[in-house]
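Asks: First the structure, then my questions, so here it is.
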Amino acid sequence: MMTNLPRTPSFDLTGKKALVTGASSGIGLGCAIALAETGAHVVCAARGAERLNAAVEAMKAEGWSVSALPLDQGDITAVANVMAREAFDVVVNSAGVARHSAAVDTTLDDFDTVMHVNLRSAYFLSAEAAKTMMAAGKPGSIIHISSQMGHTGGVDRALYCASKHGLEGMIKSMAMEWGKSRIRINSICPTFIRTPFTEATFDNPERLAWILSKIKLDRVGEVEDIMGAVQFLASDASAMVTGTSMLIDGGWTAG
């Protein structure tokens, strides 16, 4: 009797087009590299053109298919215009901002700035991406770089947690709406990752000790820890995954 053996789904993204926002450095750059390494043509978007162009040129030198797109993700009209030009197969949102303080000290400017970037721009980037995917009649994967703080609380992080908890709820609802169109939407929720953005935190011995006391693997995260998750969620290997989050937190939220 013949046994029909299952075959592992492919991580290969050859022929796919991906958009990565916040791609000029840190986690966003890592995401762009991860997708380019697996064969996708990656459009790298960020606000600062100089740093973005430098990153893209370095990626091109590796032989990857990439291009630069100066873009303010908070400009909803500009985002809609980008999406109207082509339907991407993969969209990764890595743009984000944090303003930490005691809740009673949060200013209106702090609130509006964090919500504008972390939630408002993420919402409409997702909606515009899905709209063009549906119009093209093609499946797609939308991936948000969220945070472990979308699943827990933190002292002096009420505003940041509010934005990330909101993002997680948004993702669940959008997954329900778009599933029949084979458009998947998920998040990656890292712990503290070593990037230029977090160096000030790691330079503070008390904060570093607090972070390491929470991470069960006893080390901070590196950008490389995120890259495999991006490849998985972008590819056919995750074809049955939507409306959920991948916690890459070293056990922070385990208890």
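The values are calculated or read from the model by the stated rules, or taken from the named source; none is laboratory data. None of these values were measured; they are calculated from a predicted model. Glycine gets a Cβ as well: all are built from the backbone with ideal geometry, and neighbour counts include every protein chain shown.
Asks: Could you tell me whether any residue of the range 46-63 is crowded, with 22+ Cβ neighbours inside 10 Å and within 26 Å of ARG182 (Cα to Cα)?
Replies: No, the range 46-63 contains no residue that is crowded, with 22+ Cβ neighbours inside 10 Å and within 26 Å of ARG182 (Cα to Cα).
Asks: Could I ask something else about it? Scanning for something assigned to a helix (DSSP H, G or I) and buried (at least 17 other Cβ atoms within 10 Å of the Cβ), does the range 87-99 turn up at least one residue? Before the answer, list the steps.
Replies: Initially, the range 87-99 is screened for residues assigned to a helix (DSSP H, G or I), giving none.
Scanning the range 87-99, I find no residue that is assigned to a helix (DSSP H, G or I) and buried (at least 17 other Cβ atoms within 10 Å of the Cβ), so the answer is no.
Asks: Please find, within the range 132-186, the residue that is surrounded by the most Cβ atoms within 10 Å (Cβ to Cβ) out of those that are in a loop (DSSP other than H, G, I, E, B) and among the basic types (Lys, Arg).
Replies: Filtering the range 132-186 down to residues in a loop (DSSP other than H, G, I, E, B) leaves 137-139, 146-147, 151-157, 182.
In the following step, the residues that additionally are among the basic types (Lys, Arg) were identified as 138, 157, 182.
On the way: LYS138: 14, ARG157: 20, ARG182: 15.
Top of the filtered list is ARG157.
Asks: Follow-up. Taking the range 14-49, which residues are in a loop (DSSP other than H, G, I, E, B), out of contact with any helix residue (DSSP H, G or I) (no Cβ under 6 Å at 6 or more places or on another chain) and either without any contact (Cβ under 8 Å) to a residue 12 or more places away in the chain or of a type in the set (A, V, I, L, M) (or both)? Spell out the reasoning first.
Replies: Taking the range 14-49 and keeping what is in a loop (DSSP other than H, G, I, E, B), we get 14-16, 22-25, 38-40, 47-48.
Those left that are additionally out of contact with any helix residue (DSSP H, G or I) (no Cβ under 6 Å at 6 or more places or on another chain): 14-16, 25, 39-40, 47-48.
Passing the criteria: only ALA40.
Asks: Sticking with this structure for a sec: Could you list, in sequence order, all residues of the range 79-125 that are basic (Lys, Arg) and touching an Asp or Glu at 6+ places or on another chain (Cβ under 6 Å)? I'd like the intermediate steps shown before the answer.
Replies: Quick first cut of the range 79-125, residues basic (Lys, Arg) only: 85, 99, 120.
If the condition is that a residue be basic (Lys, Arg) and touching an Asp or Glu at 6+ places or on another chain (Cβ under 6 Å), then ARG99 is the only one that fits.
Asks: Still on this structure, I have one more. In this structure, does ILE27 turn out to be under 23 Å from TYR123 (Cα atoms), in contact with a Ser or Thr (Cβ under 6 Å, 6 or more places away or on another chain) and of a type in the set (Val, Ile, Thr)?
Replies: Values: under 23 Å from TYR123 (Cα atoms): yes; in contact with a Ser or Thr (Cβ under 6 Å, 6 or more places away or on another chain): yes; of a type in the set (Val, Ile, Thr): yes.
Against the criterion (under 23 Å from TYR123 (Cα atoms), in contact with a Ser or Thr (Cβ under 6 Å, 6 or more places away or on another chain) and of a type in the set (Val, Ile, Thr)), ILE27 qualifies.
Asks: A follow-up question, please. Mind listing whichever residues of the range 53-74 are among the small types (Gly, Ala, Ser) and either without any contact (Cβ under 8 Å) to a residue 40 or more places away in the chain or under 13 Å from GLU37 (Cβ atoms) (or both)?
Replies: So in the range 53-74, the residues among the small types (Gly, Ala, Ser) come out as 54-55, 58, 61, 63, 65, 67-68, 74.
Passing the criteria: ALA54, ALA55, ALA58, ALA61, GLY63, SER65, SER67, ALA68.
Asks: Hey, another quick one. Take the range 28-71 and flag every residue that is modelled with pLDDT under 95 and closer than 22 Å to THR132 by Cα.
Replies: Passing the criteria: none in range.
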